[in-house]
1. Quick check on my link table: of LYS37/LYS145; LYS70/LYS136; LYS70/LYS320; LYS35/LYS113; LYS181/LYS320; LYS70/LYS113, which ones sit more than 25 Å apart, alpha carbon to alpha carbon?
2. If you line up the Cα atoms of the stretch 295-358 on their principal axes, what length do they span on each, largest first, in Å?
3. Take every DSSP beta bridge whose two residues both sit in the chain, then give the antiparallel share in percent to the nearest 5.
4. Kindly identify the stretch 213-348 as rounded, prolate or oblate by the Cα gyration tensor criterion: order the square roots of the eigenvalues as a ≥ b ≥ c, call it rounded if a/c is under 1.5, otherwise compare a/b with b/c, prolate if a/b is larger, else oblate.
5. In degrees from 0 to 90, rounded to the nearest 10, what is the angle of the helix 242-251 Cα long axis to the longest principal axis of the chain?
6. By its C-alpha gyration tensor, with a ≥ b ≥ c as the square roots of the eigenvalues, how is the stretch 66-130 shaped: rounded for a/c under 1.5, else prolate for a/b larger than b/c, else oblate?
7. Using only DSSP helix segments of four residues or longer, with each worth -39500 (n - 2.57), what per-residue ellipticity at 222 nm results for the chain after dividing by its residue count and rounding to 500?
8. Does the stretch 165-243 come out rounded, prolate or oblate, given a ≥ b ≥ c as the square roots of the eigenvalues of its C-alpha gyration tensor, rounded meaning a/c under 1.5 and, failing that, prolate meaning a/b above b/c?
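Read-outs throughout are calculated quantities, based only on the coordinates presented, and are distinct from any laboratory measurement. Every value quoted in this text rests on a predicted model; they were computed, and no experiment measured them. Glycine also receives a Cβ, built like all others from the backbone with ideal geometry; neighbour counts cover every protein chain displayed.
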Amino acid sequence: MSRVEVALGARSYPVLIETGLLEQASEVLAPFAGKGKLVVISDEIVWALQGGRLGLHAEPILLPPGEGSKSWAGLEALVDLLLARGVERGDHLVAFGGGVVGDLVGFAASILKRGCGLIQIPTTLLAQVDSSVGGKTGINTAAGKNLVGAFHQPAMVLIDPACLDTLPLRQLRAGYAEVVKYGLLGDAGFFAWCETNGEQLIAGDREAREHAIQVSVAAKAAIVAEDERETSGRRALLNLGHTFAHALEAETGFSDALLHGEAVALGMALAFRFSAERGLCPAEDADRVAAHLDAIGLPTRLDTIPASGETLVAHMRHDKKASGGRLPFILAHGIGEAVVDKGVDLTDVAALLDRQRG
Ligand code: GLY
């Protein structure tokens, strides 16, 4: 079993990674069960596919699948159910599912009785390598995604790569974009590993999956330990590709036309092309990034998004960090060397997007 520590002083916690960990959940979580209740919250699809493997004998609360639960209404319904079950501060909510379940249940845990315990058991690749670690929780509102939430660290994260066996291929690939991100932002050796092993990982290779998850979680844990609340700028590096991605997702209506991880893949390819055009990074690095994402079947070209550069940039102008037509961007000096550029002129971004469309 691999164990990665998220070092946050009194709020430190381990992330345990092992194929078959779900079956050992009651043993691993026994110290928490000894102190209070464990309340499992999952979604109907995850529960049907993986619930039988989770070795916890508790009646779960099941949410309807999809982004709709991650809302004020979904939060209210969940919190009322948890209060009706008599959840207390010493109890732990167990978020068993993908990013929607993790973010919603995490937020509920942050406000219930002014904060109760939380265990994350992520079941999608995206949640395993990104959203379950680091304590960001929240819901979507009419004004946008993830604008309401809290930092609330879990007490433990259990990752079982076998959960990925029932994940649809498109979701798996989309989550893989976040794996590649860790190589691109700070670890050129890991990106090279992805180039060699990424296709086997997608095809189901167990060792490749365990290794990629372990390296990704260790990278995220190190960044979170340094900059838990995204104040020093270090944690902002995790947003590589995400400013482009959010504009692309907004343009496609946050629909299935472009999954978040797919938008991140395209966004990372664009961030590297932009960096190369500005003379920050070698053009060969930008080509390598696009070639690998392409080989995995992730989008790297704008052809399928029929919007002008200015239309896409208009979404960025609404960003809360935008000021005077400029926005901070994560760019790169090369593979494994991401940097924060505090003020990129959005007209330059629009021009890049138009040139990319050709
Ligand atoms: N997903 C970005 C972060 O956790 O900071």
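1. Numbers: LYS37/LYS145 31 Å; LYS70/LYS136 14 Å; LYS70/LYS320 21 Å; LYS35/LYS113 16 Å; LYS181/LYS320 23 Å; LYS70/LYS113 20 Å.
Listed pairs above 25 Å: LYS37/LYS145.
2. 36, 30, 19
3. 45 percent
4. Values: a/c = 1.31, a/b = 1.13, b/c = 1.16.
Taking the square roots of the gyration eigenvalues as a ≥ b ≥ c, the stretch 213-348 is rounded.
5. 90 degrees
6. Working: a/c = 2.39, a/b = 1.41, b/c = 1.70.
It comes out oblate by the Cα gyration axes.
7. Details: 13 runs with 159 residues, N = 358.
Theoretical 222 nm ellipticity from helices: -14000 deg cm²/dmol.
8. Working: a/c = 2.09, a/b = 1.82, b/c = 1.15.
Prolate, because a/c is 1.5 or more and a/b exceeds b/c.
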